[in-house]
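**Q** First the structure, which I've put down as structure tokens, then a few questions once you've had a look.
The values are calculated or read from the model by the stated rules, or taken from the named source; none is laboratory data. Keep in mind that what you see is a predicted model, and the values were worked out from it rather than measured. Cβ: placed from backbone, ideal geometry, glycine included. Neighbour counts: every protein chain shown. For the accessible areas, the whole protein counts, side chains as well, though only heavy atoms, and no ligand, DNA or RNA atoms are used. Shrake-Rupley method; radii C 1.70, N 1.55, O 1.52, S 1.80 Å.
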Amino acid sequence: MSSQPSLVPSETVLIEIVGGKMVIAGGNQFSSALSEEEDWQKAVQEVCDATRAEGMPPPDLALLFFSSDHQPDAKSIVHQLSEQLECENLFGC
């Protein structure tokens, strides 16, 4: 009988909520936010405020998703989000 690779990590991962953000043991952090604001500038501000606490370092990676309604403003959205988060790696659609 051959052994199958495990899909479950062999180590326990501890996740804790600190200041409204999820923190993984070892210092890794992640956060997420959703805005239903129709005005893209207000939506970007709302998402940035919700995901980056004051004094936190810039994220290594940001993932951005927005509806096709905002497609005409895509370049501006990406620029403003990247500038506010100070993020060098931004992916999305």
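**Q** With a cut-off of at most 10 other beta carbons within 10 Å, and DSSP calling the residue loop, which chymotrypsin sites (Phe, Trp or Tyr not before Pro) in segment 35-92 qualify? Please list them.
**A** Answer by residue number: 65.
**Q** What accessible surface, in Å², does a 1.4 Å probe find on residue 37, ignoring ligands, DNA and RNA and rounding to the nearest 10?
**A** Surface accessible to solvent at residue 37 totals approximately 70 Å².
**Q** A further question follows. Rank these residues by their accessible area, most exposed first, probe 1.4 Å: 75, 42.
**A** I get 75, 42, largest accessible area first.
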